[in-house]
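Please treat every number below as a calculation from the coordinates, not as lab data. Bear in mind that the values here come from a model prediction, so they are computed numbers and not experimental data. So basically every Cβ, Gly included, is an ideal-geometry build from the backbone, and we count neighbours across all protein chains shown.
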Amino acid sequence: MMEYVLSFTERPITDTLTALVADNLFGRFPDLRVLSIEYGASWLPALMKKLDGIARLFSKDMWRFGAPPQKPSETLRRNLFIAPFFEDDVPAIVAALGEDHVLSGSDYPHPEGLLWPLEFREELDGLGAPAVRKIMRDNLAGLAAG
């Protein structure tokens, strides 16, 4: 039962991203891109800060697949794309990850979803028009194009 309950938290995605960073997957495959959907993103700034702190504690020979070439937060800024829930603090997610790596997603028909995808635009107040266009369209189009 506990595993089922935990599957509705951020635990599965934070464990996965931590493993990808800790095993230096992105250092070994720097062009690999990961898209996180269905988990929101409110947990991301804290995870980035925590991983950076943990990485400072490790010597280079402690990493199983080689020490990452940069701080974990920088690795995530390069390789991770994320679709926040509309109730997440989207400007804070943009500040942490960068406007080029945040995507809109309605998540409809789930309870945390939006019936009309354009409603996500309201969560981007305070961001400039270029950032809004990227988040609402260009970032996902770029991923789809390869």
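Measuring from a point 7 Å past the Cα of Lys71 along Cα-to-C-beta, which residues in segment 18-51 have an amide N at less than 17 Å? So the set is 21-22, 44-51.
For Leu35, the residues 5 or more places off, or on other chains, whose built amide H falls under 5 Å of its own are Phe81.
Each Lys and Arg adds +1 at its Cβ and each Asp and Glu adds -1 at its Cβ; summed about the Cα centre, the chain shows a dipole of about 760 debye. Entry for segment 2-146 at q = 0.09 Å⁻¹: log10 I(q)/I(0) = -0.29, Debye formula applied to identical alpha-carbon scatterers, no solvent contribution.
Between Leu6 and Ile54, residue separation times 0.36 nm minus the direct Cα-Cα distance comes to 15.0 nm. When the helices of the chain are scored as -39500 (n - 2.57) per DSSP H run of n ≥ 4 and the total is divided over every residue, the value at 222 nm lands at -11500 deg cm²/dmol. Once the chain from Tyr108 to Trp63 is taken as fully extended at 0.36 nm per residue, the excess over their C-alpha distance is 12.2 nm. Across the chain, the longest run free of exposed loop sites, meaning chymotrypsin sites (Phe, Trp or Tyr not before Pro) lying outside DSSP classes H, G, I, E and B with no more than 13 other Cβ atoms within 10 Å, spans 66-146. Cross-link partners of Lys49 among lysines, defined as those whose alpha carbon lies under 21 angstrom from its own and excluding same-chain residues fewer than eight positions apart: Lys60, Lys71.
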